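The values are calculated or read from the model by the stated rules, or taken from the named source; none is laboratory data. Owing to the predicted nature of the structure, the values given are computational and were not obtained by experimental measurement. Note that each Cβ is placed from the backbone with ideal geometry, even for glycine, and that neighbours are counted across all protein chains shown.
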């Protein structure tokens, strides 16, 4: 029996997982159109490589990965490209992004594809295949998997496979593990190989006994695999990558540090599945399992083509009439969709039809009474009540000092808050304000440098000009001297010329000085102190943590 | 746009405060049993004053009435204050103390969540400093006093300062066990001799020790219901115990045993209900231990060497002002940044 470790805090929200696990994964009906965003992953947006009107086959590349941090996008089915334009995407901002709209022809005709034997393929080729297949982390972070399946200079001892699925309502990983365990295990074996990891630990919350049994069976069928399925206690957010790593290995990976530095890498089970499909079958990532639940008649999991409009998917589950909002993800960390017309993306693990009855609006927030229930449940071991105070008063420096950027926005604090304060909103606000200010500081830094360089150049040019003038004077003087050689008073004019040269140089210097803004001279001590303080704040803001690419959840 | 989390656990401030009020009931019941129903009168009086003052202050501050009047926090302040002052206190004493607690020490500092000092203890401090004589009108426990007032006679005294014919104030009131001990020690008797006086029970004061036990039982409920954590009561009681034990060992004739200090005065009420006010106590675990331990030592020192009958209120208030400092000093290390670990 493996010793499990505890992470601090955590909550037990009602899981609501039973509703969507009663029936097996169903293939969703072919939608009337597919709206496929070209930016479904962390990194650069894929570049469209098809024209409007083009006929494409299922699995055909339609968006090429651009730059190192990017991923490919493929046609999920055969059909015609209707449009390549800006469309609303599955992001709470509601801002449009470049999408390819595809009209399926109903034939679902595959492009020629074939897998490789991973044992006979070089690691760099395998990574290239993953990148070409558009495989990204399917736990929600959608980080390109080819970049994560690389040990760099670190020695990876453990590959953690995340099947915890701690968010309420979501069951897509659960059903995938129940039904396709052996593909997951094979995929995990490829990832382990790529990372040269010694062992694979598959963490699954103990509220999924069927998935645990299926995975254990699959692992036992793979004699040479060094894998273990570990049943972990159900406790939100045990599926956070850092929390799961802590539970399984006891290692704490601080914010701003990659787990690989501590010898651990973490992938979601669905990512392992996609890895196997991509390598062994040559199938790019075209679909994913999506839990459709909440205010629907038949909550269940669908295998959904990427780009399927949310409304068409919801209709298949029998979305009820009083549904007023659509949530992508779980109720703890999910986002409200700007519309139900947006397409399913690689990050869409769950769609919850929400109604006022299902998620009643929160009562008005009361003042914080410092009861520290939030601190008691915070898995990052922060002091949420203090962070709230700092964020509310725009005291961002202090918020960062109190580790604002270690917050994983799991929502446990807001879940338990007896004053019903939307705590996570305050942290999101503070983070975005800090980022905005950093960008501003950076921009003004650049502007300042440019301006200073310009002043420097003007000064240099002035000096060069003065130098030239002086040389000219010297030359004419020399010429005069040469012509007036017979004269007895040769010393006198030379002195006069020298004085003129000096005067010209002095004038040039003066001019240069005058052109330089002298607003930093003659300052009062108070002003100087203020400038010093501003510089210090700038330096601090600069040193502050930048957003971390999250690993799989 | 509504953002995650989309659901929350359905506890509320009002429920938490209500459960703290409920936790006071065993102590209150024993209080009534031993000292008569006068305490219920002053608790009701304090409650009404608190709600009226709260409403008036909310109105003046342009805050909504309903959510704040129903948060039960004003009621809790009222009850704690009423339980800290003599039950036979004249009505205006209760009203002045409660009104001051709510208006000045709560709302002038920004209302719920913003007050640095425990409002009930501020109310107590104001009363003990301004009206020290009225604050000594403690009732003798059932069976000890030379004259016991009926409920109507108690009411008459509270509202009219009228005593039954022939009765004197001295006949119906008595000094608290803590006060008696202090006076007796001054007069040259020993602790042991004092403990044989009728006012003493098994551990501390007759009756009052059981009331303290009632408060401890309520506190235990709060612990089990996870309304409070163990840090504050345990650190406070432990510090009080250890300090008392040290003095007691050095001179048993002069210094009472630790259990006497546990069960007399407001020690139990303070440990479970006053120090544990989240708004005015530290937020970190280490901070709570430091805060409560210091309060325990201070309570003892004020009781034994100070001029006031009990030390809980002033120890609490003094430690309240140290809370920001304690919090700043005791910030725990966050996930992954503890050092020393793999």
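If you go through segment B:107-121 one residue at a time, do you hit one that is at pLDDT 95 or above and under 25 Å from residue B:207 (Cβ atoms)? Checking segment B:107-121: at least one residue is at pLDDT 95 or above and under 25 Å from residue B:207 (Cβ atoms). Consider segment B:309-332 and keep the residues that are buried (at least 19 other Cβ atoms within 10 Å of the Cβ) and assigned to a loop (DSSP other than H, G, I, E, B). The one that is farthest from the other protein chains (Cβ to nearest Cβ) is B:309.
On inspection, residue B:99 qualifies as assigned to a helix (DSSP H, G or I) and in contact (Cβ under 8 Å) with a residue 40 or more places away in the chain. Residue under question is residue A:379, and the condition is that it be in a loop (DSSP other than H, G, I, E, B) and surrounded by fewer than 22 Cβ atoms within 10 Å (Cβ to Cβ); does it hold? It is false that residue A:379 is in a loop (DSSP other than H, G, I, E, B) and surrounded by fewer than 22 Cβ atoms within 10 Å (Cβ to Cβ). Residues in segment A:316-323: is at least one under 23 Å from residue A:76 (Cα atoms) and surrounded by fewer than 23 Cβ atoms within 10 Å (Cβ to Cβ)? Yes, the conditions are met somewhere in segment A:316-323. Restricting to segment A:368-420, and then to whatever is over 26 Å from the mean Cα position of the chain (by Cα) and more than 9 Å from chain B (Cβ to nearest Cβ), can you tell me which residue is farthest from residue B:284 (Cα to Cα)? Across segment A:368-420, the extreme among qualifying residues is A:393. Inside segment A:1-13, residues that are within 12 Å of another protein chain (Cβ to nearest Cβ), farther than 14 Å from residue A:205 by Cβ and out of contact with any helix residue (DSSP H, G or I) (no Cβ under 8 Å at 6 or more places or on another chain) make up a count of 1.
Say we look at segment B:295-308 and pick out the residues that are free of Cβ contacts under 8 Å to residues at least 40 places away in the same chain and either within 11 Å of chain A (Cβ to nearest Cβ) or in a loop (DSSP other than H, G, I, E, B) (or both); which of these is farthest from residue B:138 (Cα to Cα)? Looking at residues that are free of Cβ contacts under 8 Å to residues at least 40 places away in the same chain and either within 11 Å of chain A (Cβ to nearest Cβ) or in a loop (DSSP other than H, G, I, E, B) (or both), I get B:306.
Residues in segment B:242-294 that are in a loop (DSSP other than H, G, I, E, B), within 14 Å of chain A (Cβ to nearest Cβ) and either surrounded by fewer than 19 Cβ atoms within 10 Å (Cβ to Cβ) or touching a strand residue (DSSP E or B) at 6+ places or on another chain (Cβ under 8 Å) (or both): none.
Tell me which strands (runs of 3 or more DSSP E) are completely within segment A:275-363 and hold 2 or more residues being within 14 Å of chain B (Cβ to nearest Cβ), within 27 Å of the chain's Cα centre (by Cα) and closer than 23 Å to residue A:57 by Cβ, or say none if there are none. Spell out how you get there, then give the answer.
Details: elements: A:287-294, A:300-305, A:325-328, A:350-354.
By residue number, no strands (runs of 3 or more DSSP E) qualify.
Looking only at segment B:42-81, residues that are buried (at least 21 other Cβ atoms within 10 Å of the Cβ) and either within 14 Å of another protein chain (Cβ to nearest Cβ) or modelled with pLDDT under 95 (or both) come to 8 in all.
Just for helices (runs of 4 or more DSSP H) wholly inside segment B:2-78: which have at least 3 residues that are closer than 30 Å to residue B:157 by Cβ and outside the structural domain of residue B:276 (by TED's automatic domain parsing)? Break it down into steps so the answer makes sense when it comes.
Details: elements: B:13-35, B:38-60, B:65-69.
Correct list: B:13-35, B:38-60.
Taking residue B:84, is it more than 10 Å from every other protein chain (Cβ to nearest Cβ), touching a helix residue (DSSP H, G or I) at 6+ places or on another chain (Cβ under 9 Å) and either at pLDDT 95 or above or under 30 Å from residue A:93 (Cβ atoms) (or both)?
Working: more than 10 Å from every other protein chain (Cβ to nearest Cβ): yes; touching a helix residue (DSSP H, G or I) at 6+ places or on another chain (Cβ under 9 Å): yes; either at pLDDT 95 or above or under 30 Å from residue A:93 (Cβ atoms) (or both): no.
When the stated conditions are applied, residue B:84 does not pass them.
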